[in-house]
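The values are calculated or read from the model by the stated rules, or taken from the named source; none is laboratory data. Bear in mind that the values here come from a model prediction, so they are computed numbers and not experimental data. Here the Cβ positions follow ideal geometry from the backbone for every residue, glycine too, while neighbour counts run over all protein chains shown. Accessible surface is based on the protein model in full, side chains and every heavy atom, while ligands, DNA and RNA are left aside. Shrake-Rupley method; radii C 1.70, N 1.55, O 1.52, S 1.80 Å.
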Amino acid sequence: MIRMRITKREPLPKWARVVIPIAAIITTLILSAIPILLAGGNLWKSYYYLFYGALGTRFNLLETFVKASPLLLTGLAVAFAFRAKFWNIGAEGQLLAGALAATVLGVSLGGIPGVLVLPVIIIGGFLAGGIWAAIPAILKTKLKVDDVVSTLLLNYVMIHMMGALLFGPLQQPGSSWPRSSAIIEAARYPILLTKSRFHLGILIALLAVLVIWFINKRTVFGYRSKAVGVNIRAAQFGGINTTAVILWTALVSGGLAGLAGVGELCALQYRLIMDISPGYGYSGIVIAMLGNLHPVGVLFSSLFFSVIIVGAHTMSRMTGVPTYIAEVIQGMALMIMLIFLLFTEYRIRVVRK
Amino acid sequence: MTTTQKPIASMSSITKRFLDVTANSDIDFNLYPGEICALLGENGAGKTTLMNILFGYYTCDEGEIFIKGKKAELSAPRDAISRGVGMVRQHFALVPSQTVLENIIIGTDSGKGLFLDFKSARIKLLRIQKKFGLQVDPDARVWTLSVGEQQKVEILKALYRDVDILIMDEPTAVLAPAETVELFKTLKSMAKEGRSVVFISHKLNEVMEIADRVVVLRGGRVVAGRKTSETNIKELANLMVGRDLLERLEKKKVRPGKPVLEIENLSALNDKKLLALKGLKLVVRKNEILGMAGISGNGQKELSEALFGMRDPIEGTIKINGDALRLGSPVSVIRLKMGRIPEDRIDTGLMMDLSVEENLILENHATPEFQRFGMMNFKKIHQFSEDLIGAYSIMSSGRDAVTSSLSGGNLQKVMLARELGGRPAIVVASQPTRGLDVGAMEYIHQRILQERECGAGVLLISEDLDEIFALSDRITVLYEGVIMGDVPVAEASREQIGLWMSGVTR
């Protein structure tokens, strides 16, 4: 009889942390052939247009960055939280909280000097997302409420709250659609490159990578959040205020997701609509895992995701393969990454008897 | 019961290793029909490991098992259960939200096709309950039951599966005295029926009362087998704790100074919300090692956690050098300079997935020396950790080595380096050498003695009597949350301490 046993393996060397996500992405792309073929697509043509659509022209390339910026911010948000084992599944709700705050401010800030409008909106959106994430963090630390459940459920609370506001006080006067009035001109993110939608939010997202990397690597807080994530009991034993660490982690994590909402609102939509986010918050979880919770990893995995999403449109137009293929590929990427990560920690031993 | 009988279960030359610890070493063990056999030994002696092997929960690295005369390959508990071996472990395997009856038929083939056959299961259960006097309501949900009742459910579970061999792992640890009496009745009636019981324990009184035969384990080896009719508590105590001194340590003469640790009226609950420390009073002086002997589970964990700031006591005061600790606050303990060696270095002491350096700086990473405006000063931190790695000769691939790649002895050195590096006023070390090899043990003993000579007071909580006798200036024993006595090492006898440890006062 043959039995399989799963045993823990020795820690892998550092290079494995780079090689494994790359291997996962390559595997994903190879396995993507199956759904593409099932959808009746010509394989090479489909792959060609997938990448051409995302990277082939200047506009497409910049469009890929536009798509990547909310994914990068939510990915960072999740990665930062997960590092301290604060299981923030609520980036979607925090993103909406940020967008909501930006709407309220962006519609009503006409009275203050123009240069102050954007800083106020950015800070406001960050705080809104942060506070929305701090609620489950307080519940977790004070009442031991499971953070996976509370962060997830608060997404729905936020979506429906937003719906109520868009049909109520925030609804554009005279409109019958659930949408807000447009934000004022000064509240819009400037476009940084001509003939494109490459906006300030992308720069903010890239800056966030640097900031998070710096916090993780160089600061006392980064050390503490890592310690809390690795062994909360030992961190407490060593005199770290674990409650404070989790709260601050939640605040920053939610704030980053909130910034994603601000970007979508102030750079692309200019007014709040119900489907301001096609699930960026949830994609952020996948991106964080694929990026191995490292800010630079998150940068690359969010770019990979936006290539797939943007490219899928061109592929669909040219080959008839539906754009839903992008979501299939995203799902596969997560599963394959999780399987790969499992094998970095465990090995299967076959026992013959 | 005679030894000329054929054993119902026989384990020969069993060896089991875990990473760097040998839990069982070349053990032979026989169990005969109709006997209650006690496995006696201190914690870590290998009793539970041996029985986990017989129950198929672990597989042994070397050795063979025969059950009812046939060679048995056990790779999972179900292999053991199908051969008639049952085990009631210290942590029950029950589903709290289900009823007693539902819990008992889990995993049995009780049913017709898709449906469970509750009716005949209930009849069978009631018959067993009547026969052995195990009264529990079959329809009660398990979470509503007391611990003693839950234990009955576990025994019923085994009997329902018709076991001939029942292993009980420290069954009385969770029971009130009256429940213990009841349990002993049940076990005796099982033995009378021809079934065999293995009774794992370290309580001498109980072993003498319930067992026909005692097998004593120490350090993963069988040291003796005795019939209870032919031995006495004193002999068993000696066998259990061993006589041989490990090493001759050079202990300098120093005079104890003023009190550095004063504990007054300390009471604390354990995780099950039961009183684990009952108004404890204790003083440790400068230049003195107070050895606290006792079998774990008698309040040692709660005491060390209360001292470490990891458990909020219900009452009492703790003073270090006259300053009162803020109870339940590790920060306060660190500030008053207590060096803390927790017994579970992997869960509480160290962050196994971080580097050696990150572990070394845990308690002072936020001091002005190592950070400015929230930014870490890595130059100084590297210097600091490399100094400590050198001073405590920690064998690793360097300060960046992942802590989990270190051996047990080196893990403990990391622990010591962090906790003793800052010249503590008082050292509280809980089981500091458990699971370590002789070399590492010796090193740690020397370090502890060194602290004593440098003017610290040391509270050494240990189950290892050799260690207690070799290091201590005074010896005290903790039993069921109470101090049994306090005696200078020169006047202490092993017999006396062994008796105190099993709750016998004289």
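The table that follows gives values for the structure above.
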{"read-out": "Pairs beyond 21 Å (Cα-Cα), from B:Lys131/B:Lys157; B:Lys71/B:Lys192; B:Lys273/B:Lys301", "value": "B:Lys71/B:Lys192"}
{"read-out": "Antiparallel DSSP beta bridges within the protein assembly as shown, as percent of all bridges there, nearest 5", "value": "60"}
{"read-out": "Highest-fluctuation residue, A:Gly263, A:Gly168, A:Gly90 considered, GNM on chain A with Cα pairs under 10 Å", "value": "A:Gly168"}
{"read-out": "Estimated FRET transfer efficiency when R0 is 35 angstrom, pair B:Asp117-B:Asn205 (beta carbons, to 0.05)", "value": "0.20"}
{"read-out": "Backbone N within region B:328-347 under 18 Å of label point (7 Å from B:Arg423 Cα along the Cβ vector)", "value": "B:334-340"}
{"read-out": "Loop sites in region B:233-321: trypsin sites (Lys or Arg not before Pro), DSSP, at most 12 other Cβ within 10 Å", "value": "B:Arg243, B:Arg248, B:Lys252, B:Lys253, B:Lys272, B:Lys273"}
{"read-out": "B:Glu491/A:Leu338 FRET efficiency (R0 60 Å; Cβ-Cβ; nearest 0.05)", "value": "0.45"}
{"read-out": "Rough spin-label spacing in nm, given labels placed 7 Å along Cα→Cβ, for A:Ala39 and B:Asp139", "value": "5.8"}
{"read-out": "Surrounding net charge for A:Thr103, when Lys and Arg each add one and Asp and Glu each subtract one, Cβ distance under 14 Å", "value": "+2"}
{"read-out": "Value of [θ]222 nm, deg cm²/dmol, for chain A, DSSP H segments ≥ 4, -39500 (n - 2.57) each, nearest 500", "value": "-23500 deg cm²/dmol"}
{"read-out": "Reach of B:Lys258 by Cα under 25 Å, taken over lysines that are not fewer than 8 positions away in the same chain", "value": "B:Lys281, B:Lys286, B:Lys319, B:Lys337"}
{"read-out": "Long-range amide H partners of B:Ile167 with built H, under 5 Å", "value": "B:Gly86, B:Met87, B:Val88, B:Val198"}
{"read-out": "Tensor-based shape of region A:2-352 (alpha-carbon gyration tensor, a/c under 1.5 rounded, otherwise prolate or oblate)", "value": "oblate"}
{"read-out": "Loop-resident sites, region B:125-217, for GluC sites (Glu not before Pro), counting at most 14 other Cβ within 10 Å (DSSP)", "value": "B:Glu193"}
{"read-out": "Neighbour-limited loop hits for GluC sites (Glu not before Pro), region B:277-385 (at most 13 other Cβ within 10 Å; DSSP other than H, G, I, E, B)", "value": "B:Glu369"}
{"read-out": "Linear extension gain, A:Ile22 paired with A:Asn241, 0.36 nm per residue minus alpha-carbon span", "value": "75.2 nm"}
{"read-out": "Computed over region A:2-352: relative contact order in percent, which uses C-alpha pairs under 8 Å that are six or more apart", "value": "38"}
{"read-out": "Contact surface A-B: accessible area buried, both sides summed, square angstrom, 1.4 angstrom probe", "value": "2500"}
{"read-out": "Under 14 Å, Cα to Cα: Lys pairs in chain A, sequence gap 8 or more or different chains", "value": "4"}
{"read-out": "Cβ-placed point charges (K, R +1; D, E -1), dipole of chain A about Cα centre in debye, nearest 20", "value": "1480"}
{"read-out": "Carbon + sulfur, % of accessible area of region B:325-378 - ligands and nucleic acids excluded, 1.4 Å", "value": "53"}
{"read-out": "Among beta bridges that DSSP assigns inside chain B, antiparallel share in %, nearest 5", "value": "55"}
{"read-out": "1.4 Å probe accessible area per residue over the protein assembly as shown, in Å²", "value": "44"}
{"read-out": "Over region B:357-454, relative contact order from alpha-carbon pairs under 8 Å, at least 6 apart, %", "value": "24"}
{"read-out": "Percent carbon-and-sulfur accessible area, region B:125-263, ignoring ligands, DNA and RNA, probe 1.4 Å", "value": "50"}
{"read-out": "Accessible area of chain A belonging to carbon and sulfur atoms, whole % at 1.4 Å probe", "value": "70"}
{"read-out": "Cα centre as origin, Lys/Arg/Asp/Glu Cβ charges: the protein assembly as shown dipole, Debye", "value": "1080"}
{"read-out": "Burial of 50 Å² or greater, region B:331-376 residues [accessible area, probe 1.4 Å, versus chain by itself]", "value": "B:Thr348, B:Met351, B:Leu354, B:Leu362, B:His365, B:Met376"}
{"read-out": "Label-reachable residues, region A:72-111, where backbone N falls under 16 Å from a point 7 Å from B:Asp353's Cα toward its Cβ", "value": "A:78-88"}
{"read-out": "Table column - 3J(HN,Hα) (Hz), region B:291-298, Karplus curve with 6.51, -1.76, 1.60, x for Gly and Pro", "value": "x, 10, 8, x, 7, 5, x, 9"}
